[in-house]
Amino acid sequence: MGSLLLRGMIAGLIAGILAFGFAKVFGEPQVDRAIGFEEQVAKAKGEPEEPEIVSRDVQASIGLFTGVAVVGTAMGGLFALAFAFVNGRVTHLSPRTTTVIIALLGFIAIYLVPNLKYPANPPSVGSPDTIGYRTQLYFGMIVFSLAALAIAISAARQFATNLGAWNGASIGIGIYIVLTSLAGYMLPSINEVPEGFPADLLWKFRVASFGIQTILWAAMGIIFGILLERLSAKPAR
């Protein structure tokens, strides 16, 4: 188990480094533009300039790298635990195929579906007074999505016994879509985009956020699968 966990953390770290490169090139310019917009609005209102506790250069370099690397490593460890639970119990596929499936389902349940309800926002979007409330709603959507995924997988396995794998999988997908749609409908919507905020900036920031998460999950699944196959491979005589 220790060897499995270590390989998961290594895969997560490498995935985090790749995601950092993408975020540095495509995400940071949008953050700079959003901060510039925020400063212009504050200046127009006559508000005093806030003291900079950590310089922008540090935030965009070592700060960003540290955050992404730590998150990637932690996610890699959790990914390894998920593989250990799923492998041999839920699926009997090869390690590489199993890791790719886990990465795909994790990306959908933890990022994609919650992000459809509460998309990522750049600085200056969102009231500071509601940040706690918005955070609770976002993590609540993640919990609903994961619970719906667990129910869908359980239902798919049961229906697959009598109706076949493809029919069971189709029913499971349908159940997941229905449950997450109901959760998204029941949870309140949040729209705190300030007046005059550039629409293209908001779009580019959200596309960059989507790219970062896609690279993180895809790289983690692929790299972890490769490390697992090397672990299980026997040396040639």
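When the surface is traced with a 1.4 Å probe over the full set of protein chains, K204 keeps roughly 100 Å² accessible.
Find which of Y111, G46, L5 sits farthest along the positive direction of the dipole of the chain, computed with +1 on the beta-carbon of Lys and Arg, -1 on that of Asp and Glu, about the Cα centre. Selected residue: L5. Comparing mean-square fluctuations of G72, G168, G88 from a GNM of the chain with C-alpha springs under 10 Å, the top value falls on G88. By the Cα gyration tensor, the range 78-146 has an equivalent ellipsoid whose semi-axes, rounded to whole angstrom, run 32, 11, 9 from largest to smallest. Stokes-Einstein diffusion for the range 83-222, with the hydrodynamic radius set to the Kirkwood value over Cα pairs and evaluated at 25 °C in a medium of 0.890 mPa s, equals 145 µm²/s. Modelled label positions at S3 and S154, each set 7 Å beyond Cα in the direction of Cβ, lie 3.4 nm from each other.
Placing pseudo-labels 7 Å out from each Cα toward the beta carbon at T130 and M186 gives an inter-label distance of 2.1 nm. Extension gain, R96 to V178, is 26.6 nm, computed as 0.36 nm per intervening residue step minus the present C-alpha separation. Treating cross-link reach as a plain straight distance, find the aspartates and glutamates whose alpha-carbon is under 18 Å from the alpha-carbon of K204, omitting any fewer than eight places away in the same chain. Hits, sequence-local ones excluded: E28, D32, E38, E192, E195. Each residue of the chain gets 152 Å³ once the volume of the Cα convex hull is shared out per residue.
Figure legend: label point modelled 7 angstrom from the Cα of F197 along Cα→Cβ; residues of the range 4-30 with amide N under 19 Å from it are 27-30.
Histogrammed with a bin width of 10 Å, the alpha carbon distances of the range 1-134 distribute as 10, 29, 31, 18, 9, 3, 0 percent, first bin at zero.
Using the Kyte-Doolittle scale, find the helices of the chain whose mean hydropathy is at least 0.5 and whose Cα atoms extend 20 Å or more along the helix's long axis, counting only whole DSSP H runs.
On the way: long enough: 2-22 (30 Å, 1.81); 28-44 (24 Å, -0.61); 64-86 (32 Å, 2.06); 131-163 (47 Å, 1.04); 165-186 (32 Å, 1.19); 199-232 (50 Å, 1.13).
In the chain, the long hydrophobic H runs are 2-22, 64-86, 131-163, 165-186, 199-232.
The values are calculated or read from the model by the stated rules, or taken from the named source; none is laboratory data. Worth saying up front: this structure is predicted, and the values here are computed from it rather than measured. Every residue, glycine as well, gets a Cβ built from its backbone with ideal geometry; the counts of neighbours run over all protein chains shown. Just so you know, the surface numbers come from the protein's heavy atoms only, side chains and all, with ligands and any DNA or RNA stripped out. Shrake-Rupley method; radii C 1.70, N 1.55, O 1.52, S 1.80 Å.
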